[in-house]
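Everything on this sheet refers to the single structure shown next.
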Amino acid sequence: MTDDTPTDADEHDPRADSTSRTDGGTATGADDVTLDPWGSSTIADYRKLFEEFGIEEFDSILEAVPNPHYLMRRGVIFGHRDYGPVAEALRNGDPVAVLSGFMPTGDPHIGHKLVFDEIIWHQEQGADAYGLIADLEAHAARGLTWAEIDEHARDYLLSLLALGFDPDDGVLYRQSGNEEVQDLAFELGSKARFAELEGIYGFDGETSVSHMQSVVTQMADILYPQMDEPKPTVIPVGPDQDPHVRLARDLAARMRFFKITEAYFSQELDDDERVVVAEAYETLADRADDDQDVRCVHGAQYLLDPQTVDFDADRPTVDSPAVGDGVRASAATKLQNAGMEPLRPRIRFLSRDAPDRAFEALVERIPGEKRRYDEHVDAFDLSFEEAEELARQVEVDTGGYGFYPPSSIYHRFMTGLTGGKMSSSIPASHISLLDDPEDGYAKVKSATTGGRDTAEEQRELGGEADKCPVYELYAYLLSGDDDDFAKEVYDECVGGERLCGDCKEQAAQLMKEFLEDHQANREEVAPMLDDLDIELESPRRTVAGEADD
Ligand code: SF4
């Protein structure tokens, strides 16, 4: 571990709150954060993900989550996009789904277990759960042969089942075997342009078409849970997958028939203009005897000079034309052009090239007062939420998808046992769920620690649990749901009461027991695999240039 790696140890000091936290995952790595789904997945500084990519801190929503998982409580799940609707649906028992996918490029390991656990937890909380094998992606983007893929696919499914995924109440599939997903991928592809994939993934003229197809396939995976019925859906993944999540959110929006906005008069406002017009409206509606008296031209007057608004003038005019830059001037210009049109809050349904039958149905179904224009319709008696709901219903009833933008949660990458990144290509750096329990034991025993050079120093200064891959094992896996135990290990370590030899012995023992249990469970659930409606052997042929099996 390098010492120049910034840590957020202050925010994550477990002594500061009641549950145990970890800073694990701020491993060595480049300073620049790039999110590359097919590249190296080390993240030097998680804070940059918030600042540069707009991922939100999970902590800010933790309270809204019913019965949060220990990975959430301990900050291992550190970020999210738009998890609010998922948390709300979980709280209310409304329809909600979870889905994640696995590229079968090697054995499933303890990093994958985080995602398995996240899927299973959401399933236990009532979500429709989906797990998929990204075999098209592994073939196209990683060049795995179908035989290799088949072998590993089985292992991922077995571990997911062994950890508690309920297949009677959830869906497992392979990308290659899911025709609905591939049909949806085709449709989504009509909304994605090559230049966009170039920008997001660095694709160029040398990128194979199959690789591109694997991207739209993943987009379809992500939206697949909404095929029966639109519903909030969470995608638990590592932050390297965020580019996929953002694209899926964009594509979901592009499939929609209507966009809902708040409006005040016939003209469109941008987000900043809307704020100042809202302020003008609120103030003027207060000042006027009757809020029907408030006209656009008053709004323009207000924005140019809040004091001079005259409701009694016969036909008020704006003395000086609204020139200048800035939001107030541009909003005033629009208001001025609308003249004596009433200034009145409303919900606007903008048609995004909706089919006529959908637009007609929408106009018909809007309750209360409404006003219809060419490309939009305004509703005066609906809340924003009611409007969203109605637009979605109409869209689904007239043959559209009505997708919610998918949400995501992000977990920290585990540090490799040898320091640096945990990598499937370095066996000693990770523990496979298929490792012989004795090997698992041995790998933990020889792991790097956050310990000091000598026992005396350790007693005096305490260990550096925040930089210790062994502590991470406790926090991410070995403590299970027992926060007190994780906190005890942490406190004893940083307090100098715990020495690395004993600590590793205990962790190694727990790891061995975990692997024994898990592998016994795998055997027990093996017969379930046969009952699954999933092809375990790909009926595919070999293409010239493919690796030998
Ligand atoms: Fe890591 Fe345990 Fe040593 Fe602390 S005592 S540094 S947690 S191995």
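The values are calculated or read from the model by the stated rules, or taken from the named source; none is laboratory data. The shown structure was predicted, so the numbers you read here are calculated from the model rather than taken from an experiment. Note: ideal-geometry Cβ built from the backbone for every residue, glycine included; neighbour counts use all protein chains shown. Protein only, heavy atoms only, side chains kept; ligands, DNA and RNA dropped before computing areas. Shrake-Rupley method; radii C 1.70, N 1.55, O 1.52, S 1.80 Å.
When the residues of the range 89-111 are filtered to those that are touching a helix residue (DSSP H, G or I) at 6+ places or on another chain (Cβ under 7 Å) and open to solvent by 20 Å² or more (accessible area, probe 1.4 Å), which remaining residue is farthest from residue 406 (Cα to Cα)?
Step one: filter the range 89-111 for residues touching a helix residue (DSSP H, G or I) at 6+ places or on another chain (Cβ under 7 Å), giving 95-108, 110.
Filter once more, so that each one left must be open to solvent by 20 Å² or more (accessible area, probe 1.4 Å): 95, 101, 103, 105, 107.
Numbers: 95: 14, 101: 14, 103: 20, 105: 26, 107: 28 Å.
Here the residue is 107.
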Requested in this report: Only residues that are closer than 12 Å to residue 497 by Cα, outside any helix (DSSP H, G or I) and either without any contact (Cβ under 8 Å) to a residue 24 or more places away in the chain or more than 9 Å from the ligand (Cβ to nearest atom) (or both): list them for the range 447-466, please.
Outcome: none
Query raised in the report: assigned to a loop (DSSP other than H, G, I, E, B), farther than 30 Å from residue 230 by Cα and at pLDDT 95 or above: does that describe residue 344?
Result: yes
Report task. State whether one or more residues within the range 502-517 are farther than 20 Å from residue 418 by Cα and near the ligand (Cβ under 9 Å from one of its atoms). Result -> no
Query raised in the report: In the range 266-290, what residues are among the small types (Gly, Ala, Ser), within 18 Å of residue 334 (Cα to Cα) and part of a loop (DSSP other than H, G, I, E, B)?
Result: 266
Query raised in the report: So is residue 336 over 38 Å from the mean Cα position of the chain (by Cα), outside any helix (DSSP H, G or I) and not aliphatic (A, V, I, L, M) or not?
Result: no
Query raised in the report: If the Cβ limit is 6 Å and pairs must be 6+ apart or interchain, which residue in the range 100-119 that is closer than 19 Å to residue 86 by Cα pairs with which residue that is modelled with pLDDT of 95 or more and of a type in the set (Gly, Ala, Ser)?
Result: 101/134; 115/100; 119/100; 119/129; 119/131
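Out of 226, 218, report the one residue that is touching a Phe, Trp or Tyr at 6+ places or on another chain (Cβ under 9 Å), modelled with pLDDT of 95 or more, assigned by TED's automatic domain parsing to the domain that holds residue 120 and crowded, with 21+ Cβ neighbours inside 10 Å.
So the residue among 226, 218 that is touching a Phe, Trp or Tyr at 6+ places or on another chain (Cβ under 9 Å), modelled with pLDDT of 95 or more, assigned by TED's automatic domain parsing to the domain that holds residue 120 and crowded, with 21+ Cβ neighbours inside 10 Å is 226.
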Report task. Starting from the range 305-327, keep only residues that are outside any loop (DSSP other than H, G, I, E, B), then list their pairs with residues that are modelled with pLDDT of 80 or more whose Cβ atoms are within a distance under 7 Å, requiring at least 6 positions of separation or different chains. Result -> 327/272; 327/273; 327/276
Report task. Would you mind telling me which numbered condition in (1) buried (at least 19 other Cβ atoms within 10 Å of the Cβ); (2) free of Cβ contacts under 8 Å to residues at least 12 places away in the same chain residue 335 fails? Result -> (2)
Query raised in the report: Which one is nearest to residue 277 (Cα to Cα) among residues in the range 294-313 that are in contact with a Pro (Cβ under 9 Å, 6 or more places away or on another chain) and charged (D, E, K, R)?
Result: 295
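Name the one entry in 83, 70, 156 that is open to solvent by less than 10 Å² (accessible area, probe 1.4 Å), among the aromatic types (Phe, Trp, Tyr) and over 16 Å from the mean Cα position of the chain (by Cα). Spell out the reasoning first.
Working: 83 fails: over 16 Å from the mean Cα position of the chain (by Cα); 70 fails: open to solvent by less than 10 Å² (accessible area, probe 1.4 Å).
Answer to the selection: 156.
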Query raised in the report: Can you tell me which residues in the range 407-446 are open to solvent by less than 10 Å² (accessible area, probe 1.4 Å) and not in a strand (DSSP E or B)?
Result: 412, 416, 417, 429, 431, 433, 440, 444
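Within the bounds of the range 353-365, is there any residue that is more than 22 Å from residue 255 (Cβ to Cβ), in contact with a helix residue (DSSP H, G or I) (Cβ under 6 Å, 6 or more places away or on another chain) and either small (Gly, Ala, Ser) or in contact (Cβ under 8 Å) with a residue 60 or more places away in the chain (or both)?
Restricting attention to the range 353-365, the residues satisfying the condition of being more than 22 Å from residue 255 (Cβ to Cβ) are 364.
Remaining after also requiring in contact with a helix residue (DSSP H, G or I) (Cβ under 6 Å, 6 or more places away or on another chain): none.
The answer is no; no qualifying residue exists.
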Query - Lone unmet requirement of (1) within 31 Å of the chain's Cα centre (by Cα); (2) at pLDDT below 95 for residue 484 - result: (2)
Report summary line: The condition from (1) farther than 29 Å from residue 155 by Cα; (2) near the ligand (Cβ under 9 Å from one of its atoms) that residue 471 misses is numbered (1)
Report summary line: Restricting attention to the range 60-93, the residues that are of a type in the set (D, E, K, R) and within 23 Å of residue 249 (Cβ to Cβ) number exactly 4
Query raised in the report: Failed condition for residue 172, given (1) over 23 Å from the mean Cα position of the chain (by Cα); (2) modelled with pLDDT of 95 or more, with all others met?
Result: (1)
